[in-house]
Amino acid sequence: MLFVTKPQLKTRIYPNDPVRLPKRKNIALRVLTALLIMSVALFGLRHTSKISFAGGLRAGCHKQHRNISTPRNTLPSYYKLPSGDHIPSVALGVWQAGKGEVGNAVKTALKAGYSRHIDGAWIYRNEEEVGQALRESGVPRDQVWLTSKLWNTFHEPQTIESTLDDSLAKLGTEYLDLYLIHWPVATMADGNPDLGLSENPYPTWKKLEELVDKGKIRNIGVSNFNIRRIQNLTANPLKIRPAVNQVEINFWFPQPDLIKWSQENGIIVEAYSPLGSSKRVGASLAVPEVKEIAAQLCMTPAQVIISWHVQRGTVVLPKSVTPSRVEENFQVRALPQDAFDKLEMAATSHKPERGMKPNKSWGVDVFG
Ligand code: A2P
């Protein structure tokens, strides 16, 4: 008896005690009930936290792939530019985001908070609504990354500052985080191309450098430039090198060589039409490899593609005016290496097909 522990002692001494037996049953019942309540509460907590964290989890998927939430496999949430600024890796693209819907999309993106990066342009004709949404969101300006682009008709140095001022006024801000030459196309007032300025935009660039010095722009870059055109520009005695090149990149037009070259040359590539734009988004989301990986990892096909972009080292600019999709598109996670390789292989082993065709009337062989 000396070596018997307390619970055993109780069992041994009171096995048939008429008073104590119901009490013990009672306790056991209470413990069981408490356990049941705790497990129900725990299940509920897990369920709701998944929903609020990953609004875009596939229906019926309550489990995330173990590999994709470990810190080792976390995707970069930003890239560092030569200025020292951190550009968020996932943005809301607002090209083709119409009036009356773009503001709501911007507010949703800012509220989602994962990445407060809005990629716009003067020519999208929605900067006013974007600006209003920014103000209404109440998010401080320094917590938002704002990009705009200089349209083709304003490349002449004397027209640049007033165009920039117009964008600043519409957006309701005193500075842009990033300003890009939208296309390597300079159009003159009569509508004809200025082939000299299109080929060598150094005068345009010098003016942009001046506006950086003035504090109206923090970083400058280009868009729709191929390697030859970037080299043409950087052959000039630049004070500031292009930090970014924004180009079309998606499953159908993956541009691995441009990405590799840009990474070797310290230029961040931004991917527009990352889902294939409205014309090819359906086809992108139905790619067998994308669907298979999405099912394996409990992600949506769009999340798989957006994650793939960031994992390739690019900034990704998915456009959506649908609030649930805007939230979904910010939920990026690293794909396991084999899934990434499979998708990369699928994207780069078919004939690349550009979706964005520059307007022939511009009179410049843009990609030449
Ligand atoms: P919507 O704006 O109506 O939500 P891209 O980013 O390649 O330019 O593609 C934009 C197109 O993809 C738009 O038609 C947009 O529709 C659609 N889209 C954006 N996000 C998603 C998503 N998560 N799932 C399905 N379609 C999406």
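The values are calculated or read from the model by the stated rules, or taken from the named source; none is laboratory data. Predicted, not measured: the structure shown is a model, and the values here were computed from it. A quick note on method: Cβ atoms are made from the backbone with ideal geometry, for glycine too, and the neighbour counts reach across all protein chains shown.
A few comments on the model shown:
- Test: residue in the stretch 218-238 that is within 16 Å of the ligand (Cβ to nearest atom), at pLDDT 95 or above and assigned to a strand (DSSP E or B): yes
- Selection status of Ala346, farther than 19 Å from Ser89 by Cα, not charged (D, E, K, R) and not in a strand (DSSP E or B): yes
- Scanning the stretch 170-183 for residues that are farther than 17 Å from Val106 by Cβ and either surrounded by fewer than 22 Cβ atoms within 10 Å (Cβ to Cβ) or without any contact (Cβ under 8 Å) to a residue 24 or more places away in the chain (or both) yields a total of 3.
- Options Lys279, Lys214: the member that is modelled with pLDDT of 95 or more and more than 21 Å from Asp119 (Cα to Cα): Lys214
- Considering the conditions (1) in a loop (DSSP other than H, G, I, E, B); (2) surrounded by 15 or more Cβ atoms within 10 Å (Cβ to Cβ), Leu110 is excluded by exactly one of them, (1).
- Residue in the stretch 120-139 that is in contact with a Pro (Cβ under 9 Å, 6 or more places away or on another chain), within 23 Å of Ser307 (Cα to Cα) and touching a residue at least 24 places away in the same chain (Cβ under 8 Å) present: no
- Restricted to helices (runs of 4 or more DSSP H) entirely inside the stretch 241-339, those with at least 3 residues that are within 14 Å of the ligand (Cβ to nearest atom) are 277-285, 288-297, 301-311, 323-329.
- Extreme residue, farthest from the ligand (Cβ to nearest atom), among residues of the stretch 71-94 that are touching a Phe, Trp or Tyr at 6+ places or on another chain (Cβ under 7 Å) and closer than 14 Å to Thr322 by Cα: Val94
- Selection from the stretch 340-362 of residues that are of a type in the set (Lys, Arg) and within 16 Å of the ligand (Cβ to nearest atom): Arg354, Lys357
- Arg125 touching a Leu at 6+ places or on another chain (Cβ under 8 Å) and of a type in the set (Lys, Arg): no
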